[in-house]
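The values are calculated or read from the model by the stated rules, or taken from the named source; none is laboratory data. This structure is a prediction, so every number in the text was calculated from the model and none was measured. Neighbour counts are summed over all protein chains in view; Cβ atoms, including those assigned to glycine, are modelled from backbone coordinates with ideal geometry.
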Amino acid sequence: MRDETDAGTSSCRPIAASRVVYSVVDDRRPFDAGPEAKNLDSGTSWNRNPGRSKSMKITDLRLRELQGTMEHADPFWEERLVRPQDIYPQYKKQGTPGNPRSLGGGRYEMRSTFLEIHTDEGVIGLSGPLDTHQAFIIDTKLRPILVGADPIAIETLWDQMYLSSIHGRKGENMMAISVVDCGLWDLKGKWLGQPVYRLLGGPSRDVIPAYASALGYSIEPEDVARRASEMVAQGYRGTKWFFRDGPADGPDGMKRNLKLAETLRASVGEDVDIMLDAWNSWDVPYSINMARRLAEYNVRWLEEPVLADKLESYKEIQRNSPILISGGEHEYTRWGFRYIVEHKAMDVLQPDIYWCGGISEAVKICNLASAFDLPVVPHGHSSYATAHLIASQSPSTCPVQEFLVKWNAVHQFFLKDPIVPRDGVIQVSWIDKPGLGLELDETKIETERDLSWRDPPQSL
Ligand SMILES: [Mg+2]
């Protein structure tokens, strides 16, 4: 590309500023690969791992919806968290989620969908669970990009899926890309016979500290005191709980929120971390007011006080809070997190690997965060994928893993070897298996079907 501003190499005649821009653009040419470039598939100078093809191809994607029955003391969900839509009375009065569906007598119907990525070498990548919206996107939109492609070229496939998603850079579409990315990493690890954390550069440690997240537990003070004490007795050195009230609930709601923090601190003692989550549901004045009051209970962080889009609000809360502000669970990709870290809008970043763009993107977010000295504590949708990521990162970047106690009972129900922290830690040896280590427990599957919206076309 010619530099028109350099008198020694450009035309001698003066060029107007606007002309310079056009001139530079006009001079752009694709980078020449040069005469030595050749199709890698036809080359013979690199590789080769004996016994492994250099041209493995994805042959099919299966979306297996599994159905089984879980036994659990009633009720499974004891309480729900505060939600942004609770400012409307008709939403505020809604109860706990109906999933999993109660069959009565302490039995619950479990339905989970897993993605299988099949190849012509017989290696299968497994990922999930995922929801039906993501399955639809994978089956209809991402399938043409993936079938026939080399599954080992994960970065390339991610880029192609992303560039094909102009309207899907965040939300369900990015969550679908995340599911595929995790499945490709599982496949790559199985193909190489290595756990993913090793492919990513770990292990950075032998054990990962875990904190217990109490989503779905009753927040009646006596219940909180009992459960929090049990968690400490189990070895956890941190626990996170979820507010039920917000600005629309007035002074009484604020008292209930503060009572939760007071009860927790009284129950766990001074040396155990307590964290509290407002799940996007507050506003700036309420958040700052609460943060100042929560400081009395030495709360480690206040999570997602406002909606993820409100970056200026996060900055204002963060500047005025005596306790750490965390968030990012509902943000996506390196570009979404770039603004958070550049503006120092949060103190702790919480991307979810199955939502933010997969393992590939979570690694980039960790790299970005480490450059700004910000810790990453991934949201705990998938304990396996999260453990692999954390085990590959510096302890200063990823110091601790979230373990959602009830959520994991649902999400790991169909897994043969679900991750459960012991003595408050996750042993890295637990995930020392090829790929991500996910394996379905076929004995728990009562019925199953393949989800598909193709041939004939179906719609959600
Ligand atoms: Mg959260």
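Screening L311, L307, L349, L302 for residues that are aliphatic (A, V, I, L, M), closer than 20 Å to R83 by Cα and crowded, with 23+ Cβ neighbours inside 10 Å leaves exactly one candidate, L302. Per this entry, C356 is not counted among residues that are touching a strand residue (DSSP E or B) at 6+ places or on another chain (Cβ under 7 Å) and either crowded, with 23+ Cβ neighbours inside 10 Å or more than 19 Å from V400 (Cα to Cα) (or both). Kindly check whether there is at least one residue in region 176-191 that is in the same structural domain as Q67 (by TED's automatic domain parsing), in a loop (DSSP other than H, G, I, E, B) and touching a helix residue (DSSP H, G or I) at 6+ places or on another chain (Cβ under 7 Å). Checked against the condition, which is being in the same structural domain as Q67 (by TED's automatic domain parsing), in a loop (DSSP other than H, G, I, E, B) and touching a helix residue (DSSP H, G or I) at 6+ places or on another chain (Cβ under 7 Å), region 176-191 yields no hits at all. If the condition is being without any contact (Cβ under 8 Å) to a residue 40 or more places away in the chain, surrounded by 24 or more Cβ atoms within 10 Å (Cβ to Cβ) and of a type in the set (G, A, S), then region 359-391 contributes only A362.
Do we find that E304 is without any contact (Cβ under 8 Å) to a residue 24 or more places away in the chain and not assigned by TED's automatic domain parsing to the domain that holds I87 in this structure? No: the conditions fail for E304. With respect to the conditions (1) among the acidic types (D, E); (2) more than 16 Å from the ligand (Cβ to nearest atom); (3) within 16 Å of G380 (Cα to Cα), E303 falls short on a single one, namely (2). Being basic (K, R), more than 15 Å from the ligand (Cβ to nearest atom) and under 25 Å from T263 (Cβ atoms): is that true of R293 here? The answer is yes for R293.
Would you check if there is a residue in region 178-190 being within 30 Å of I138 (Cβ to Cβ), more than 20 Å from the chain's Cα centre (by Cα), buried (at least 19 other Cβ atoms within 10 Å of the Cβ) and modelled with pLDDT of 95 or more? Within region 178-190, one or more residues are within 30 Å of I138 (Cβ to Cβ), more than 20 Å from the chain's Cα centre (by Cα), buried (at least 19 other Cβ atoms within 10 Å of the Cβ) and modelled with pLDDT of 95 or more.
Scanning region 345-361 for residues that are more than 16 Å from the ligand (Cβ to nearest atom) and outside any loop (DSSP other than H, G, I, E, B) yields G358, I359, S360, E361. Set side by side, the residues E109, E79, E121 differ, and just one is out of contact with any Gly (no Cβ under 9 Å at 6 or more places or on another chain), surrounded by 14 or more Cβ atoms within 10 Å (Cβ to Cβ) and not small (G, A, S), which is E121. Here W282 does not qualify as part of a helix (DSSP H, G or I) and either away from the ligand (no atom under 16 Å from the Cβ) or in the same structural domain as C366 (by TED's automatic domain parsing) (or both). Would you mind stating whether T239 is among the hydroxyl-bearing types (S, T, Y), farther than 22 Å from V410 by Cβ and either surrounded by 15 or more Cβ atoms within 10 Å (Cβ to Cβ) or within 16 Å of the ligand (Cβ to nearest atom) (or both)? Answer is no for this residue. Restricting attention to region 307-344, the residues being outside any helix (DSSP H, G or I) and away from the ligand (no atom under 13 Å from the Cβ) number 9.
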